[in-house]
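To start, the structure itself, in structure tokens.
The values are calculated or read from the model by the stated rules, or taken from the named source; none is laboratory data. As the structure is a prediction and not an experimental result, all values here were calculated from the model. Backbone-built Cβ (ideal geometry, glycine too); neighbour counts: all protein chains shown.
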Amino acid sequence: MKSKKVVATVLLCCLAFPAVLSSCHTEMEQGEGTGRDNVLFNSGTSSGENAVSAGVQTNVPDTGSSGVTNSSSDTDAVRFSFVAAGDNVIHESVFVDAEKRAVSAASTGAYSGTYYFDEMYLGIKDLISSAGIAYINQEGPVAGDSLGISGYPAFNAPEEIGDALINTGFDIINLANNHMLDMDTSTRTGYKHTIDYWKNKNVMTIGAYENEEDYNTIRILEKDGIKIALLSYTYGTNGNKLSAASPELVVPYIDKAVITRHINAAKEQADLVFVSMHWGLDTAGSSFNNYPTDEQKELAQLISDLGADVIIGMHPHVIQPMTWLTGASGNKTLVTYSIGNLLSTMLHIYNNVGGIMSFDIVKDRSGNVYVDAPRFLPVVCHYTADSSVVDSQGYATRSGLALYMLEDYTSELASNHGSKVYDSFTLDTIYGYVTDTISTEFLPDYLK
């Protein structure tokens with residue numbers, strides 16, 4: 001792979017005085033990436049609780065250069081795709097399956113790690129790796145073996161999961177979710193371990209912050225001359241608190257005043273503002289509900305009124321509607337209230353049907369930048385179950401995990417799916433669930 005250069009522009013932006021106070025340009029060499037070029041980040045320093053600046057990470061994802069693309073319109077100067085995948089939940093059966101695959105791969109000399117997750121993502125790899133920018137929510141810590149690998153209710157995924165996500169083609173890793181402090185106690189800080197782990201990878205992380213200055217530093221990704229600000233918040237952390245061993249870390253809890261401040265600052269510094277929201281009700285099992293709460297809708301409207309362009313919703317573990325909101329100034333905001341799960345071994349059939357939020361980012365020849373061609377692309381998480389062997393929770397061991405785009409999923413696969421609780425796992429059930437939840441205007445042709 002070839003190396004790349006990243007230009008960092010230092011911007012100091014205080015909300016009370018939003019003008020740029022000073023700037024300078026430097027060049028930094030970045031290491032090998034995913035084969036994508038031409039990504040720029042802004043960096044800055046800030047002071048005071050209301051100071052907000054543009055941010056840089058030295059582990060910048062290499063997202064490639066799309067050049068001029070006129071696939072939809074001759075008036076487009078730049079057009080590339082953005083895809084967002086939902087909750088990547090590494091349950092016990094997921095990492096046990098990955099451990100067995102690693103042993104099998106090692107026997108042929110094909111792999112030397114302890115856990116091998118890559119195969120599980122092959123069904124979506126073409127879509128993810130070919131996208132201009134790809135986002136995923138990594139649910140829970142990746143805090144290292146020393147803290148113990150574990151599944152629900154206190155997650156800690158093996159570090160090999162990060163390699164698998166990068167190998168699949170993801171560029172943006174969201175870390176703000178209700179399980180982010182699962183490995184924090186009075187004496188240990190899995191949150192810090194997670195931040196340190198991802199800092200050494202060639203991706204951008206959002207939703208995890210080393211201190212207040214970092215928290216008030218807007219993450220900005222620049223591709224093909226388009227600057228995208230990325231914000232992230234979570235409703236809570238399951239009652240877990242920051243470890244006393246690293247009290248300077250910041251969890252981005254949902255706070256209307258902070259969201260307002262951050263979006264206002266982001267609009268000063270970027271062409272587009274995307275907001276990741278871990279919100280709503282956990283609808284696992286029989287509490288299934290594929291519609292947003294009043295609180296989700298209220299927050300979404302606030303974010304739209306503030307001028308954000310896209311809201312990426314997650315946490316309910318089921319899909320929820322995708323729609324356009326109209327903001328206070330007449331602006332349009334694309335929101336998916338929940339894109340559901342990606343990889344997991346949750347039991348309800350609806351927890352095993354998620355989606356990938358897809359849209360184009362466009363800059364026309366007049367310099368206007370906007371979001372276009374939104375689509376919701378359903379994904380099935382497949383596994384089989386063996387009731388003769390149970391996991392630590394007493395559930396049937398699940399294995400053979402694999403992600404499929406719904407259009408590639410067959411009746412035969414559905415009949416062998418390990419999730420048989422609450423409803424029958426059939427293509428008719430899955431298709432009906434998707435089409436009842438997602439408006440036809442956002443669905444691929446085979447579902448219309």
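A residue that is among the hydrophobic types (A, V, I, L, M, F, W, C) and in contact with a Lys or Arg (Cβ under 9 Å, 6 or more places away or on another chain) can be found somewhere in segment 295-304.
Checked against (1) in contact (Cβ under 8 Å) with a residue 24 or more places away in the chain; (2) closer than 26 Å to residue 213 by Cα, residue 253 passes all but a single condition, namely (1).
Restricting segment 159-175 to residues that are of a type outside the set (Gly, Ala, Ser) and in a loop (DSSP other than H, G, I, E, B) leaves a set whose member that is surrounded by the fewest Cβ atoms within 10 Å (Cβ to Cβ) is 159. Of the residues making up segment 80-99, not a single one is in contact with an Asp or Glu (Cβ under 7 Å, 6 or more places away or on another chain), surrounded by fewer than 24 Cβ atoms within 10 Å (Cβ to Cβ), free of Cβ contacts under 8 Å to residues at least 24 places away in the same chain and assigned to a helix (DSSP H, G or I).
If we keep just the residues of segment 422-448 that are closer than 20 Å to residue 324 by Cα and of a type in the set (D, E, K, R), which is surrounded by the most Cβ atoms within 10 Å (Cβ to Cβ)? Out of the qualifying residues, it is 441. Restricting attention to segment 241-293, the residues being assigned to a loop (DSSP other than H, G, I, E, B) and buried (at least 21 other Cβ atoms within 10 Å of the Cβ) number 8. A single entry from 300, 385, 328 fulfils the requirement of being part of a strand (DSSP E or B) and over 21 Å from residue 132 (Cβ atoms): 385.
Among the residues of segment 78-115, those that are at pLDDT 95 or above, out of contact with any Gly (no Cβ under 6 Å at 6 or more places or on another chain) and over 19 Å from residue 398 (Cα atoms) comprise 78, 79, 82, 83, 84, 85.
Among the candidates 171, 126, the residue that is free of Cβ contacts under 8 Å to residues at least 24 places away in the same chain and under 28 Å from residue 272 (Cβ atoms) is uniquely 126.
Yes or no: segment 100-111 includes at least one residue that is out of contact with any Lys or Arg (no Cβ under 7 Å at 6 or more places or on another chain), more than 20 Å from residue 152 (Cα to Cα) and surrounded by 24 or more Cβ atoms within 10 Å (Cβ to Cβ). Break it down stepwise before answering.
If we filter segment 100-111 for residues that are out of contact with any Lys or Arg (no Cβ under 7 Å at 6 or more places or on another chain), which is where we start, we get 100-111.
Subsequent filtering for residues that are more than 20 Å from residue 152 (Cα to Cα) retains 101-111.
Keeping just the survivors that are surrounded by 24 or more Cβ atoms within 10 Å (Cβ to Cβ) gives none.
The answer is no; no qualifying residue exists.
Among the criteria (1) buried (at least 19 other Cβ atoms within 10 Å of the Cβ); (2) assigned to a helix (DSSP H, G or I), the one residue 178 does not fulfil is (2). Taking the condition of being touching a residue at least 60 places away in the same chain (Cβ under 8 Å) and within 24 Å of residue 155 (Cβ to Cβ), how many residues in segment 207-230 meet it? Residues in segment 207-230 being touching a residue at least 60 places away in the same chain (Cβ under 8 Å) and within 24 Å of residue 155 (Cβ to Cβ): 3 in total. Based on this model, can you work out whether residue 413 counts as within 28 Å of residue 101 (Cα to Cα), crowded, with 19+ Cβ neighbours inside 10 Å and at pLDDT 95 or above? Here the answer is no, as residue 413 does not meet what is asked.
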